[in-house]
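Taking it in order: structure first as structure tokens, then the write-up.
The values are calculated or read from the model by the stated rules, or taken from the named source; none is laboratory data. Every value quoted in this text rests on a predicted model; they were computed, and no experiment measured them. Cβ sites come from the backbone with ideal geometry, for glycine too, and all protein chains shown count toward neighbours.
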Amino acid sequence: MSVSIAYLSPFVPAEWIEAHGLRARRVEAEGGVSAAAGACPLATAFAQCASDRDAVVFTTTCDQMRRMAERCCIDPSRVFLMNVPATWETAGAFALYTAELRRLGRFMVRLGGIAPAAQQLATVMREHDIARRSGAVVVDGGTPVAMVGAPLRREDRWLFDCVNHAGGCVALDATEGGPRCWPAQFDERGMAADPLAELARKYFLTIPDAFRRPDTLLQEYLQREVALRTIRGVILVRYLWCDQWHAQLVRLKESLKIPVIEIDLGGQDHDLPRIRTRIESLIGILR
Amino acid sequence: MNDLPAQISLDQWAERYRQLCDGGLREPWYGGPLARHLADGDYRLLRLRYDNSAAALRLWNFLLTEESRLFKARQEGKKIIGTMKDLGTVPIMAYSLPNAIAFYPDGAWWVPCIMENTTRDLRIADSLGIDESFCPVRAMLGAFVACEHFPQPDLLICSVGATCDDFSAIAQRLASVGYSPFWWEIPHRRRPDPDEPAVTLPGGFAAPVSQVAFVKGELQRIRRELSTVCSRELTDDMLAAGIRVANRVRGMLRELRQLVFTAPRCPLPALELLIAEMLAIHYCSDRGETLAVYQDLLDEVRRRVADNQGLFPADPARIFWVNPVADLRAMNLLEECGGRLCGTEFLFCHALDEIPEDVSPMDALAQMALADPMVGSAGDRAMRICNDARRLNAEAVLISRIPGASHCALEGRVIREMIESELRLPVLELEVPPLSDAVGPAIQTRMQALVEAVRQRRAR
């Protein structure tokens, strides 16, 4: 059985892992509530869930995840901390991201992977592209709202049901792991010329996120998608202590000019009724 | 005139100032009685205790007049460069230009403390969604929007990447209200892979050559921007001269720290040492005057050490302090509880290490930037703290957590575990808010417990 690589960040291309003959496993984290005060519940949960995998890739996309790489209970030689630059508008930042992909490749070779030929990588990229484009979710009925923010843990999936029960529908899933974090479609000419460069371009230059500086990709994406899907309200999900998404709250209210509520995840179970009430209130107001 | 070292209150400084003047005190243009800063709203001064030397008076006056110095520089036609987060690197570049002056808007994080929350900075930050769940550096956002505490910079340069999320988020919020930071990337410093070309950085950390090259590229972008804004080419020769001055500043501070940490009797209080260390980051907006302030402090401390004079009567517990405090009063509190500083790591040790002069200036600055303890692993930082604490014969370590700071929760734990396992020293972790009066008794009790633990260990 091939080695399984656990990761969470959308800036870790599954195509690159699979092209090396390894299994890419995006972890749907669970738990993490018992995180120490100030420690991100998601980063804690990811480190816990990843600890029984063959190897794990953390990224530097947030301070807590960067530091959690040191706390993961796994042989350090099987932990890879990938530098994903926060800046993205310079050639240097792009070159750094590409160099980090190559370094990740060498890490995977040490784990038993095989450096892929260009054609092989291009084939895997095409397969992923097709899978992503065929997975569009049709939503109808209910007040259209957007779910924006951090990746959801397994136990947070009930938020979608909660929206539906309240009479709404999540017409835009802009949480991490949703379509927001898909790379743009690969270009055939780019893949023919240099598939790794094309992979890096589409991942690094098109995925919008709160940690990027400047964060204009995220703002433009949300304004475009909110208008396109006639979204009437936004549910911003973030984990306790997450500054990057928390700082977006007032910003989104200003720029989108529709109601925005914030949901703190990773707290105690007794927070759940409060969260449910907040979502029901939002949908009720929008109806 | 009694010149024995002592800690005195602001009220006592009035009489002391008269004595010093009668004794022939000569002050620079920013000199004067300390209490006059109360008129600027610096009410926290009433709650602090100060070293009674003329050198300390000069240090405080220098610190508390930075705002007017910045406005004066603007009037003189100098370019004001706001440098954010990197703590030490970019100011060296800016000061290498004859018509530029650099400061850290980040320094506004002490405004709520110094002015005892009488400004609107935090309320403005709240209104922009940057609430108290963020690090106190959020006061910087309010200061920018209120146009208070510093002039609006001609250029704002902000490092992101391997920095704390609070700061990055606050800087982005600043950008969203009309400011345009020049973003530059500082990557997470990683350990070199086997057989990968590597460099030993100032301070002893190692980094891959490729990372140094990347940071050098980022600094080249800054260099071009500085040259454009200041209408002067920033040459290698100018940078080399700037590095030489920086090393002079750092050399003086190194000697000061060594004397303060190792003298049998403590020759300078913790609060003054903290302020002195802060000067090294950006020279408090006047590089030449920083050298003069250090010279006075060094002369005073050397004299006290030579005369075996010092503060604090009984053999105080030797405490190594990690992280800067949001409330300056906490430094006094340590000494009131029976401790003294024997070492510090205020998050900017890379601004204290000697910068290499045997490589090109841009390589040297890139190495310095990568030596920042914040951009590497918590393990690296903890290792350096352990080494320093061991070298300086620390008897305990105090880690002051910064409220809301994204790095403190995990980093503190890593540092604590390493100190406990490597040095077997007692460690106290505590959170110090910008105004700690409400929790002062709790902080005091915990500091006392730490000091008692040290004394019990001595008795064993």
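Is it true that A:E198 is outside the structural domain of A:A115 (by TED's automatic domain parsing), within 26 Å of A:W16 (Cα to Cα) and within 21 Å of the chain's Cα centre (by Cα)? Against the criterion (outside the structural domain of A:A115 (by TED's automatic domain parsing), within 26 Å of A:W16 (Cα to Cα) and within 21 Å of the chain's Cα centre (by Cα)), A:E198 qualifies. Among the residues making up region A:216-244, those that are in contact (Cβ under 8 Å) with a residue 40 or more places away in the chain, away from chain B (no Cβ under 14 Å), assigned to a helix (DSSP H, G or I) and not aromatic (F, W, Y) are A:E225, A:V226. Of the strands (runs of 3 or more DSSP E) lying entirely inside region B:179-218, those containing at least 1 residues that are in contact (Cβ under 8 Å) with a residue 12 or more places away in the chain and closer than 22 Å to A:M65 by Cα are B:182-186, B:206-208. Under the condition of being under 26 Å from B:I385 (Cα atoms) and more than 11 Å from every other protein chain (Cβ to nearest Cβ), the residues counted in region B:198-235 number 12. Please indicate, with yes or no, whether at least one residue in region B:380-393 is closer than 17 Å to B:A453 by Cβ and of a type in the set (S, T, N, Q). Scanning region B:380-393, I find at least one residue that is closer than 17 Å to B:A453 by Cβ and of a type in the set (S, T, N, Q), so the answer is yes.
B:S96 - would you say it is surrounded by fewer than 21 Cβ atoms within 10 Å (Cβ to Cβ) and either polar (S, T, N, Q) or under 17 Å from B:I281 (Cβ atoms) (or both)? Considered against the rule, which asks whether it is surrounded by fewer than 21 Cβ atoms within 10 Å (Cβ to Cβ) and either polar (S, T, N, Q) or under 17 Å from B:I281 (Cβ atoms) (or both), B:S96 comes out as no.
Name the single residue that is surrounded by the most Cβ atoms within 10 Å (Cβ to Cβ) among those in region B:369-403 being within 17 Å of B:G203 (Cβ to Cβ), in contact with a helix residue (DSSP H, G or I) (Cβ under 7 Å, 6 or more places away or on another chain) and within 9 Å of chain A (Cβ to nearest Cβ). Of everything passing the filter in region B:369-403, B:A378 is surrounded by the most Cβ atoms within 10 Å (Cβ to Cβ). Does A:P208 satisfy being at negative phi, touching a Gly at 6+ places or on another chain (Cβ under 7 Å) and surrounded by 15 or more Cβ atoms within 10 Å (Cβ to Cβ)? Criteria not met by A:P208. Across region A:81-120, the number of residues qualifying as loosely packed, with under 14 Cβ neighbours inside 10 Å and polar (S, T, N, Q) comes to 1.
A single entry from A:R201, A:R180 fulfils the requirement of being in a helix (DSSP H, G or I), in contact with a strand residue (DSSP E or B) (Cβ under 7 Å, 6 or more places away or on another chain) and more than 14 Å from chain B (Cβ to nearest Cβ): A:R180. Comparison of B:R74, B:R36 shows that the only residue that is over 21 Å from the mean Cα position of the chain (by Cα), in a helix (DSSP H, G or I) and under 30 Å from B:P361 (Cβ atoms) is B:R74. If the condition is being surrounded by 21 or more Cβ atoms within 10 Å (Cβ to Cβ) and under 20 Å from A:R212 (Cβ atoms), then region A:148-179 contributes A:V148, A:G149, A:A150, A:P151, A:L172, A:A174, A:T175, A:E176.
Considering region A:249-280, the residues that are of a type in the set (G, A, S) and out of contact with any strand residue (DSSP E or B) (no Cβ under 8 Å at 6 or more places or on another chain) include one that is farthest from A:L217 (Cα to Cα), namely A:G267. Against the criterion of being basic (K, R), in contact with an Asp or Glu (Cβ under 6 Å, 6 or more places away or on another chain) and either touching a residue at least 60 places away in the same chain (Cβ under 8 Å) or surrounded by fewer than 22 Cβ atoms within 10 Å (Cβ to Cβ) (or both), B:R304 does not qualify. Would you mind stating whether B:E345 is charged (D, E, K, R), surrounded by fewer than 24 Cβ atoms within 10 Å (Cβ to Cβ), out of contact with any His (no Cβ under 9 Å at 6 or more places or on another chain) and within 18 Å of B:V215 (Cα to Cα)? Here the answer is no, as B:E345 does not meet what is asked. Scanning region A:249-276 for residues that are touching a residue at least 60 places away in the same chain (Cβ under 8 Å) and either closer than 25 Å to B:C135 by Cα or among the small types (G, A, S) (or both) yields a total of 6. Among strands (runs of 3 or more DSSP E) entirely within region A:1-111, having at least 2 residues that are within 14 Å of another protein chain (Cβ to nearest Cβ) singles out A:55-59, A:79-82.
Among the acidic types (D, E) and free of Cβ contacts under 8 Å to residues at least 60 places away in the same chain: which single residue out of B:E335, B:E354, B:E411 fits that description? Answer to the selection: B:E411. Return the residue satisfying two criteria in turn: it lies in region B:358-399 and is over 21 Å from the mean Cα position of the chain (by Cα) and acidic (D, E), and of such residues it is farthest from B:L87 (Cα to Cα). Here the answer is B:E395. Taking every residue in region B:229-247 that is among the acidic types (D, E) and pairing it with any residue that is assigned to a helix (DSSP H, G or I), at least 6 positions away or on another chain, the pairs with Cβ-Cβ distances below 8 Å are B:E233/B:S227; B:D236/B:P361; B:D236/B:M362. Only residues that are within 17 Å of B:H188 (Cα to Cα) and among the acidic types (D, E) were counted across region A:41-92, and they come to 2.
I'd like to check something: does region B:116-124 contain any residue that is closer than 17 Å to B:R74 by Cβ, away from chain A (no Cβ under 14 Å) and out of contact with any Pro (no Cβ under 6 Å at 6 or more places or on another chain)? Scanning region B:116-124 turns up no residue that is closer than 17 Å to B:R74 by Cβ, away from chain A (no Cβ under 14 Å) and out of contact with any Pro (no Cβ under 6 Å at 6 or more places or on another chain).
Every condition in (1) β-branched (V, I, T); (2) within 14 Å of another protein chain (Cβ to nearest Cβ); (3) not in a helix (DSSP H, G or I) is met by B:V414 except one, and the failing one is (3). Would you tally the residues in region A:135-149 being under 19 Å from the mean Cα position of the chain (by Cα) and modelled with pLDDT under 95? Selection size over region A:135-149: 3. Given the options A:L249, A:L282, name the one that is within 14 Å of chain B (Cβ to nearest Cβ) and not in a loop (DSSP other than H, G, I, E, B). Only one candidate qualifies: A:L249. Within region B:41-59, the only residue that satisfies the criterion of being among the small types (G, A, S), part of a loop (DSSP other than H, G, I, E, B) and farther than 14 Å from B:T118 by Cα is B:S53.
State yes or no: is B:S406 within 14 Å of chain A (Cβ to nearest Cβ), within 14 Å of A:R66 (Cβ to Cβ) and either in a helix (DSSP H, G or I) or small (G, A, S) (or both)? In short, yes. Residues that are surrounded by fewer than 18 Cβ atoms within 10 Å (Cβ to Cβ) and under 24 Å from the mean Cα position of the chain (by Cα) within region B:204-218 comprise B:G204, B:A206, listed in sequence order. Tell me yes or no: at least one residue of region A:139-146 is without any contact (Cβ under 8 Å) to a residue 24 or more places away in the chain and part of a loop (DSSP other than H, G, I, E, B). No: zero hits. State which residue is nearest to the other protein chains (Cβ to nearest Cβ) when the search covers only region B:138-172 and only residues that are surrounded by fewer than 22 Cβ atoms within 10 Å (Cβ to Cβ) and farther than 16 Å from B:T83 by Cβ. Only one residue fits best here, namely B:V145.
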